[in-house]
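Below you'll find the structure, written out as structure tokens, and then a few comments.
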Amino acid sequence: MWGMKKANEEASYQSEHNLDASIEKYTPKITEFLTQINRIILDKEQQTKLALCCLLAGGHVLFEDLPGLGKTTLSSALAKLAGLQFQRIQFTNDMLASDVIGVNMFNQKEHQFEFKQGPIFTQILLADEINRCSPKTQSALLEAMEEGYVTIDGIRHELPKPFWVMATQNPLFQSGTYALPESQLDRFLMRLSLGYPSRQAEKQLLQQNSRQSLISTLNHVFLESEVLELQNIVKDIFVSDTALEYLLDLVEESRKGHHGLSTRGALALKKAAQAHALIMQRNFVTSDDIQAVFSAVTSHRLGLSESEALHLMKQVGAS
């Protein structure tokens with residue numbers, strides 16, 4: 001029994017050593033990614049860090065803000081730096097589900113139906129102004145975002161890996177918009193808002209070249225294999241009982257007096273905190289990681305504003 005205990009301790013030590021080595025290996029690339037993205041999106045370091053959290057955690061991200069505040073620019077820059085296959089869909093109110101996922105077409109030469117893939121068959125999909133299309137078309141993304149498949153005429157088609165959706169949406173008070181159903185909002189790991197830039201940042205924007213010309217100068221930081229490896233590393237980031245109890249306290253607090261976080265929401269919070277810990281060069285999650293991602297992960301699931309989500313978090317003391 002003593003020998004088994006010692007072997008388990010040695011295996012645990014080796015696993016932790018390998019994890020530390022992997023984190024050290026990718027720290028320069030993570031730093032470079034954030035440096036490059038912050039050259040494009042000025043004065044929004046927290047939002048860009050959280051967007052990278054989504055990529056590393058394998059979760060989708062929704063950017064919500066007024067038009068013209070950099071949502072599409074940020075999405076395009078993220079895609080360029082990630083070094084993955086990229087497609088953009090500009091959603092409109094007359095778009096059909098088949099325009100997104102594809103359609104079976106009859107090949108007269110072969111006398112059989114062939115599946116013509118839609119733009120969703122990519123590794124990074126920018127769903128621009130997603131709430132300008134009808135709910136039926138929005139729902140076409142549900143299976144893809146949750147399972148990495150689409151089903152056409154009863155046949156499942158696997159999407160490339162990794163598969164990452166970055167969606168932008170305009171406020172619902174603007175004309176021609178449709179609210180995303182709760183079931184689809186829940187598929188987004190985070191909802192982020194850029195807001196107006198500071199005066200100094202806006203002055204720099206006015207003095208510099210256009211954002212698109214700056215994006216064209218970017219080189220990818222990651223390879224496809226590296227993104228997949230980083231997503232596996234995130235799963236190995238240690239979450240202690242203390243951190244889990246704090247996370248569960250927050251989940252419990254969210255359920256007081258109104259509908260709270262689901263179990264899927266709790267899992268999303270844990271996964272996002274693990275990705276944040278990796279970015280902060282740690283192999284374990286702390287309460288600071290949970291607090292850093294809490295509002296972005298929970299506000300759209302609870303129907304709260306960012307300030308309301310932060311107020312909820314303050315009701316629970318960290319251990």
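Okay, here's what the table says:
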read-out	value
When residues of the range 174-193 are limited to those that are polar (S, T, N, Q) and part of a helix (DSSP H, G or I), the one nearest to the chain's Cα centre (by Cα)	Gln184
Test for Lys5: is it in a helix (DSSP H, G or I), at pLDDT below 85 and over 16 Å from the mean Cα position of the chain (by Cα)	yes
The range 70-104, residues that are surrounded by fewer than 18 Cβ atoms within 10 Å (Cβ to Cβ) and of a type in the set (A, V, I, L, M, F, W, C)	Leu96, Val103
Criterion violated by Ser213 - all others in (1) among the hydroxyl-bearing types (Ser, Thr, Tyr); (2) in contact (Cβ under 8 Å) with a residue 24 or more places away in the chain; (3) not assigned by TED's automatic domain parsing to the domain that holds Asp288 satisfied	(2)
Sole residue being of a type in the set (A, V, I, L, M, F, W, C) and more than 24 Å from Glu45 (Cβ to Cβ), chosen from Ala82, Ala97, Ala77	Ala97
Filter result (exposed (fewer than 12 other Cβ atoms within 10 Å of the Cβ) and polar (S, T, N, Q)) within the range 191-228	Gln200, Gln207, Asn209, Ser210, Ser213, Ser216, Thr217, Asn219, Ser225
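For (1) surrounded by fewer than 22 Cβ atoms within 10 Å (Cβ to Cβ); (2) of a type in the set (D, E, K, R); (3) in contact with a Gly (Cβ under 9 Å, 6 or more places away or on another chain), each residue gets a yes or a no:
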| residue | (1), (2), (3) |
| --- | --- |
| Leu230 | no, no, no |
| Leu250 | no, no, no |
| Ala275 | no, no, yes |
| Leu302 | yes, no, yes |
| Lys314 | yes, yes, no |
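The values are calculated or read from the model by the stated rules, or taken from the named source; none is laboratory data. Since this is a predicted model, take the numbers as computed values, not measurements. We place every Cβ from the backbone using ideal geometry, glycine too, and count neighbours over all the protein chains shown.
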